[in-house]
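Each reported figure results from applying straightforward, stated rules to the coordinates on display, with no laboratory input. This one's a predicted model, so the numbers in the text were calculated from it and none came from an experiment. Here the Cβ is made from the backbone with ideal geometry for all residues, glycine too, and neighbour counts use every protein chain on show.
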Amino acid sequence: MPKPRILILNWRDIRNPQAGGAEVHLHEVARRLVRDGFPCVQYSHRFEGSEAEETLDGLLIRRRGGALTFNWTVWARLASWCDEFKADVVLDDSNKIAFFAPWFCRRPVVLQLHHLFGRVLFHETSWPMAFYVLAFETLMPRAYRRARVLTGSQSSRRELIGKGFQSVGLAPEGVDPSAYAPGLPWDQRRPMILYVGRLKRYKGLDVLLRAAAEIRGEIPGLTFLVAGTGDDRARLESLSRDLGLADMVSFLGFVDEEKKVRLYGEARVVVNSSLKEGWGLTSIEANACGTPVVATDVPGLCDSVRHGETGYLVPFGDVSGFAAALRILLTDEKVAAGMAAHALEWAAKHTWEPAYEATRDALMKTHEESLG
């Protein structure tokens, strides 16, 4: 049987400056589909400086519409895109706003869904926009009731089932072992906290800044590097100045992969204070460089961080809890070095092949069922 032709939807592609873990996951899966002979095309939105069409790792990416209008572009044009590409199956990566692909094309659909935002939206955006997105999320179980659904962690799977999704499988997150390696020896690492990710309100970076302010007087030479872009940067920079941290906190903006890996390998601890994550890819990336992680105890992150082994989990918004965990990893050499060793072992268990195999199998089964 010829391999099915796959049309892929994602709000962003891997080249987008705002790309995060969801885009990494999708690209790692998609390039393996292409490698194994599946004809694929991905549609994502345009961004400044982007080309309308580009091939990356053998994957054809077509960029249409803008960041705020891409979902409307999908609704208006998905049927014609499917006809033009002669797609057999749609892989719908509904990250941020649902595409409702089953309602707009006559092809079977596999849904990749890392998490729903739910009421977290009211921490991030204005209430009209929050209600707008929340209304879409409420409709999703109905729209995708006949679709296979894939997610990246067991806690996210339980959450989606609780929201009414019927057939939810696991496409576990991974890391490219060739791209990450143990960083500096532990005794050569300076007291540095590192955050890698987008700067959004729901990511909770204000909690991390307040935690850093609690411990800075106890740890000579403490620095806090923030790598990433986002619309919360100005507020966070202002808070940093108000807390008297301007001399120790550096906002680096976007960093490329090479610099990101180097920073992972130099840091004593990587932090993730988000209120909502599907998994927490930066946790495993940091672990692959031998760096422990302190993160919030929420679905997704509670799977990527093994509390007391590869780092610590702290309730969302708990400034003192973050400060206490950071204090241990920055000052207790024995505990920190032990966690660094466990982190390397944990990261080695996560590659992208299981995610690819789960997605490939879901696409194949969906295609076979559509043929009767």
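Just going by the charge dipole of the chain, with Lys and Arg at +1 and Asp and Glu at -1 on Cβ, which of 181, 82, 24 is farthest out on the positive end?
82
Counting only pairs 8 or more residues apart or on different chains, how many lysine pairs in the range 186-347 have their Cα atoms under 25 Å apart?
7
Fully extended, how many nm does the chain gain between residue 170 and residue 47 (0.36 nm per residue separation, minus their Cα-Cα distance)?
41.2 nm
For the range 186-347, give the magnitude of the charge dipole about the Cα centre (Cβ charges: +1 Lys/Arg, -1 Asp/Glu; no others), in debye to the nearest 20.
In total the dipole reaches around 280 debye.
Based on the mean of other beta carbon atoms within 10 Å per residue, what is the order of 339-346, 32-39, most packed first?
Taking the mean over residues of other Cβ atoms within 10 Å, the ranking is 339-346, 32-39.
Go ahead and estimate [θ] at 222 nm for the chain from helices alone: -39,500 (n - 2.57) per DSSP H run with n ≥ 4, summed, over the residue count, rounded to 500.
After summing the helix terms and dividing by the residues of the chain, the value is -12500 deg cm²/dmol.
Please give every one of the lysines within straight-line cross-link reach of residue 3, meaning a C-alpha to C-alpha distance under 19 Å, and leave out same-chain neighbours fewer than 8 residues apart.
86, 365
From Cα pairs below 8 angstrom and at least 6 apart in sequence, can you work out the relative contact order of the chain, rounded to a whole percent?
17 percent
Between residue 241 and residue 324, what is the label-to-label distance in nm when each label sits 7 Å out along the Cα-to-Cβ direction?
My value for the distance between the label points is 3.4 nm.
Taking Cα centroids, how far is the range 285-332 from the range 163-193 in Å?
Spelled out, the Cα-based centre of one part sits 13 Å from the other.
Per residue, how big is the convex hull of the range 186-347 when only Cα atoms are used? Give it in Å³.
Output value, Cα hull per residue: 95 Å³.
Which Cα, out of 328, 298, 341, lies furthest along the positive dipole direction of the range 186-347 (beta carbon charges, K/R +1, D/E -1)?
Of the candidates, 298 comes out farthest on the positive side.
Which value, in debye to the nearest 20, describes the size of the charge dipole of the range 172-254 about its Cα centre when Lys and Arg Cβ atoms bear +1, Asp and Glu Cβ atoms bear -1, and nothing else is charged?
The calculated dipole for the range 172-254 is roughly 160 debye.
In the neighborhood of residue 147, defined by Cβ-to-Cβ distances under 12 Å, what is the net charge if each Lys or Arg adds +1 and each Asp or Glu adds -1?
My count for the surroundings of residue 147 gives +4.
Could you sort 280-286, 207-213, 83-89 so that the peptide with the highest average Cβ count within 10 Å comes first and the rest follow in order?
Descending packing order for the listed peptides: 280-286, 207-213, 83-89.
How large is the convex hull of the Cα atoms of the chain per residue, expressed in Å³ as a whole number?
In the chain, the Cα convex hull volume per residue is 126 Å³.
What is the distance, in nm, between label points placed 7 Å from the Cα along the Cα-to-Cβ direction at residue 353 and at residue 181?
With each label point 7 Å from Cα toward Cβ, the separation is 2.1 nm.
Using amide H atoms built in the peptide plane, which far-off residues or other-chain residues are under 5 Å from residue 56 H to H?
61
Suppose R0 equals 51 Å. What FRET efficiency, 1/(1 + (r/R0)^6) with r the Cβ-Cβ distance, do residue 345 and residue 76 give to the nearest 0.05?
Calculated transfer efficiency: 0.55.
Among the DSSP beta bridges whose two residues both lie in the chain, what percent are antiparallel, rounded to the nearest 5?
Counting DSSP beta bridges with both partners in the chain, the antiparallel share is about 10 percent.
Aspartates and glutamates near residue 349 by alpha-carbon distance under 19 Å, same-chain residues fewer than 8 away left out - which ones?
Cα-Cα hits under 19 Å: 28, 173, 176, 285, 303, 309, 357.
Give, rounded to the nearest 20 debye, the magnitude of the charge dipole that the chain has about its Cα centre when Lys and Arg contribute +1 at Cβ and Asp and Glu contribute -1 at Cβ.
920 debye
Projecting each Cα onto the charge dipole of the chain (Lys/Arg +1, Asp/Glu -1 at the beta carbon, about the Cα centre), which of 359, 97, 47 comes out farthest on the positive side?
The listed residue farthest towards the positive side: 97.
Report, in degrees rounded to the nearest 10, the 0 to 90 angle that the Cα long axis of helix 127-143 makes with the longest principal axis of the chain.
Computed tilt is about 50 degrees.
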